[in-house]
1. Zone of Met13 (label point 7 Å along Cα→Cβ, backbone N under 19 Å): which residues in region 103-123?
2. Measure off, as a whole percent, the carbon and sulfur share of the 1.4 Å-probe accessible area of the chain, all protein chains present.
3. Can you sort Thr78, Thr25 by solvent-accessible area, 1.4 Å probe, largest first?
4. Looking at (i) 42, 30, 18; (ii) 50, 33, 23; (iii) 67, 31, 25, which value of Cα extents along the principal axes in Å comes from a calculation on the structure shown?
5. What value, in deg cm²/dmol to 500, does the helix sum -39500 (n - 2.57) over DSSP H runs of n ≥ 4 give at 222 nm once divided by the residues of the chain?
6. Where both residues lie in the chain, what percent of DSSP beta bridges are antiparallel, nearest 5?
7. With a 1.4 Å probe and all protein chains kept in place, how do Val75, Val16, Val104 rank by accessible area, largest first?
8. How much length would be gained if the chain were fully extended between Thr25 and Ala71, taking 0.36 nm per residue of separation minus their Cα-Cα distance, in nm to one decimal?
Amino acid sequence: MKTQSLKSLKEEMMAVAKGEMNAPTDAGQTSFESAEAMLRLLTPDNRKLLALIEQRKPESIAALADMVARAEPNVSRTLNKLATYGFIQLREGKGKAKIPEVKVHHITVSIDVFKEQDKITFA
């Protein structure tokens with residue numbers, strides 16, 4: 001996981017597209033603009049979803065939605081966002097069902113107060 005400002009990302013992508021530089025080795029990595037941006041994703045409701053997934057192992061998104069008394073499309077959108085950033089994995093279940101699984105259990109954030117880039121490590 002890395003942090004990178006949108007401006008820096010755009011400059012990097014333009015330089016690669018113009019052939020001015022090779023794509024960085026971490027170019028395919030998920031990134032956040034800052035540690036704060038990552039923390040905005042980890043709202044109390046989203047952390048509750050992660051805890052329920054880990055503790056109760058729901059067999060589908062629908063089952064998880066029932067556990068938290070929320071509409072399935074709402075839970076599905078949230079889980080897709082969490083999956084995009086690598087917090088969970090949605091694997092194939094029975095029929096069209098998707099089974100959520102937690103992939104990240106701990107996050108370490110290192111902030112150098114003199115730089116704009118934070119370091120985020122998932123475990």
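1. None, by backbone N distance to the label point.
2. Working: 4320 of 8340 Å².
That fraction is 52 percent.
3. Details: Thr78 25, Thr25 150 Å².
So the residues, ranked largest to smallest area, are Thr25, Thr78.
4. Checking each listed value against the structure points to (ii).
5. Details: 5 runs with 53 residues, N = 123.
Calculated mean residue ellipticity at 222 nm is -13000 deg cm²/dmol.
6. 85
7. Numbers: Val75 0, Val16 50, Val104 20 Å².
Sorted by accessible area, descending: Val16, Val104, Val75.
8. Numbers: separation 46, 0.36 × 46 = 16.56 nm, distance 3.98 nm.
Stretched fully, the Thr25-Ala71 segment lengthens by 12.6 nm.
The values are calculated or read from the model by the stated rules, or taken from the named source; none is laboratory data. Treat the numbers as computed from the prediction; the structure is a model and nothing was measured. Here the Cβ is made from the backbone with ideal geometry for all residues, glycine too, and neighbour counts use every protein chain on show. Accessible surface areas use protein heavy atoms only, side chains included; no ligands, DNA or RNA. Shrake-Rupley method; radii C 1.70, N 1.55, O 1.52, S 1.80 Å.
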